[in-house]
Amino acid sequence: MSRLNPTVIMTAGRGSRMKAASNEPQNILNEARSRPKAMIRIGTDAKPLMEHLLMQLREEGCTEACLVIAQEDTTTQAHFDVHPIAGMALTYVRQSIPSGRKKPLGTAHAVQLALEANPQWSNDSITIANGDNLPPRGMFRALFEHDAVLPAFDPRFLGLPQERVLAFAVLQADPGGKLTGIIEKPTAAEVNASRWGDGQPRVSMNYFRLPYAPLLDAVRNVAEHPVRRERELPEAVSLFLKSGGQMQALPLAGAFLDLTHPSGIQKAGEVLDQGGTRLLDRT
């Protein structure tokens, strides 16, 4: 099988909000608290979110993925060993928690581990995906048309709580559509200053695509955040831009199915049972 559009999927997050107190039914809480976020089963077919994500990737043109899993995860690889995705080759790396820390080194470190474990990808562009949400159908196909691209989503159509959307990084681009900046945790003034030509800001959902070598260089060299003490992907992308790299900011619109909180489990299942979400024509 030829390799097409290799993808790194980050699934090692601890998911503390998913395990927090909630008024959801007990069966939902049991699912949220007993399984990794990406392996929570949703919909009437009770398939893990990760299975839906991998199937979407395959349908849109990916044949190989590396899953970055937590050091204590005994669920993910065991599931796909028994339930493989036809046409999709999977590898795994574990992101451990270093001695003296309470959490891993961050998302940039997770991607670094995956790239170093797959040197056969060195001539490819690599797509980065999250394991705890499901993007609108068509998004991966749109990304695969570019070597270096970051989807710039219209926040009005994400289908997520407003308080979450306000916390997303906002994206800046030049008139030609080249990404010029990413602002993490923006202030209201920074959001207003980052509005695009239609008067709306655009936000990052932490999906993007870059060639292997400059991506590996960026995730290896990005500094640890002084407060959160993690090496973070948005800062790695910013480092790539500051070093002279160019990246297309691709304006898109569509809703995400999100599993950050137990309340999202039933909602995501209901939407999937109705066919999921798709990219909207308006961007």
Condition broken by Glu184, with the remaining ones in (1) of a type in the set (Asp, Glu); (2) more than 16 Å from Phe240 (Cβ to Cβ); (3) under 16 Å from the mean Cα position of the chain (by Cα) satisfied: (2)
Qualifying residues in the range 155-181 (those that are within 11 Å of Ala255 (Cβ to Cβ) and in a loop (DSSP other than H, G, I, E, B)) - the one modelled with the lowest pLDDT: Leu160
Filter result for Pro226 (assigned to a loop (DSSP other than H, G, I, E, B), within 25 Å of Ala12 (Cβ to Cβ) and over 19 Å from the mean Cα position of the chain (by Cα)): yes
Selection within the range 147-169 - surrounded by 16 or more Cβ atoms within 10 Å (Cβ to Cβ) and either touching a residue at least 40 places away in the same chain (Cβ under 8 Å) or farther than 25 Å from Leu53 by Cβ (or both): Ala148, Val149, Leu150, Pro151, Ala152, Phe153, Asp154, Pro155, Phe157, Leu158, Leu160, Ala169
Within the range 185-215, tally of residues that are part of a loop (DSSP other than H, G, I, E, B) and touching a helix residue (DSSP H, G or I) at 6+ places or on another chain (Cβ under 8 Å): 6
Selection count where residues are open to solvent by less than 60 Å² (accessible area, probe 1.4 Å) and touching a Leu at 6+ places or on another chain (Cβ under 9 Å), scope the range 227-250: 11
Residues of the range 236-283 satisfying the condition of being under 30 Å from Gln26 (Cα atoms), over 20 Å from the mean Cα position of the chain (by Cα) and not in a helix (DSSP H, G or I): Gln274, Gly275
Single unsatisfied condition, Glu224 versus (1) in contact with a Gly (Cβ under 9 Å, 6 or more places away or on another chain); (2) open to solvent by less than 20 Å² (accessible area, probe 1.4 Å); (3) charged (D, E, K, R): (2)
Number of positions in the range 175-213 that are acidic (Asp, Glu), open to solvent by less than 60 Å² (accessible area, probe 1.4 Å) and more than 21 Å from Val227 (Cβ to Cβ): 0
Of residues in the range 116-148 being in contact with a Ser or Thr (Cβ under 9 Å, 6 or more places away or on another chain) and aliphatic (A, V, I, L, M), the one farthest from Asp73 (Cα to Cα): Ala148
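The values are calculated or read from the model by the stated rules, or taken from the named source; none is laboratory data. Since the model is a prediction, treat every value here as computed from it, not as a measurement. Glycine also receives a Cβ, built like all others from the backbone with ideal geometry; neighbour counts cover every protein chain displayed. Surface accessibility is based on the protein's heavy atoms, side chains included, excluding ligands, DNA and RNA. Shrake-Rupley method; radii C 1.70, N 1.55, O 1.52, S 1.80 Å.
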